[in-house]
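The values are calculated or read from the model by the stated rules, or taken from the named source; none is laboratory data. This one's a predicted model, so the numbers in the text were calculated from it and none came from an experiment. All Cβ positions, glycine included, derive from the backbone under ideal geometry; neighbour counts span all protein chains shown. Only protein heavy atoms, including side chains, enter the accessible area calculation; ligands, DNA and RNA are left aside. Shrake-Rupley method; radii C 1.70, N 1.55, O 1.52, S 1.80 Å.
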Amino acid sequence: PAADQEVILDGFTFVPAGSVSSVPEGGVTPPFLYQPQARLSAAMPNPFKPSTTLRFALDRGSDTRLAIFDVAGRRVRVLVDGFQGPGDHQAVWDGRDHSGNAVASGTYLYVLRACGVVESRRMMILK
């Protein structure tokens, strides 16, 4: 508005950017408040041998990367790297690195980057 105009807002609640994660019941969140989400589920099974399924969900299509890291932060393998549509997705990790070699027993991190969100979880492989 121009400097000499008055703006009256009634019924609005201002929240910090990124703090709105869902649409309120019985109403529609204005698009500038809604941030699409990517959700990473627990590995199943965990602990596992010889493979585990990693599930994630996207509220909208997004460039997506799902990667496995060891506890030292070294990337072990990338399972998903590219555009994924909205909805539920899954990838199976067979306990092998990017060269096809079986990894050692221990704890690994799986990291999802999608919809401007980064989420990580732990899993354990047994031999």
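Pop out the ³J(HN,Hα) list for segment 40-49 in order, Karplus 6.51 cos²θ - 1.76 cosθ + 1.60 with θ = phi - 60°, rounded to Hz; leave Gly and Pro as x.
Each residue's phi maps through the Karplus curve to give 10, 9, 5, 5, 10, x, 7, x, 9, 6 Hz.
Would you rank 89, 98 by solvent-accessible area, highest first, keeping every protein chain in place and using a 1.4 Å probe?
On the way: 89 35, 98 145 Å².
From most exposed to least exposed: 98, 89.
Could you derive backbone 3J(HN,Hα) for segment 76-91 from the dihedral phi with the Karplus parameters 6.51, -1.76 and 1.60 (θ = phi - 60°), listing whole Hz in sequence and x where the residue is Gly or Pro?
With coefficients 6.51, -1.76 and 1.60, one gets 9, 6, 10, 9, 9, 8, x, 5, 10, x, x, x, 8, 9, 8, 9 Hz.
In whole Hz, with x marking every Gly and Pro, tabulate ³J(HN,Hα) for segment 58-74 from phi via Karplus 6.51 cos²θ - 1.76 cosθ + 1.60, θ = phi - 60°.
10, 6, 8, x, 7, 4, 9, 9, 10, 10, 10, 10, 7, 5, 7, x, 7
Once the other residues with Cβ under 11 Å from the Cβ of residue 50 are scored (Lys, Arg +1; Asp, Glu -1), what is the net sum? Please list the in-between numbers first.
Details: positive: 49, 96, 127; negative: 94.
In short, +2.
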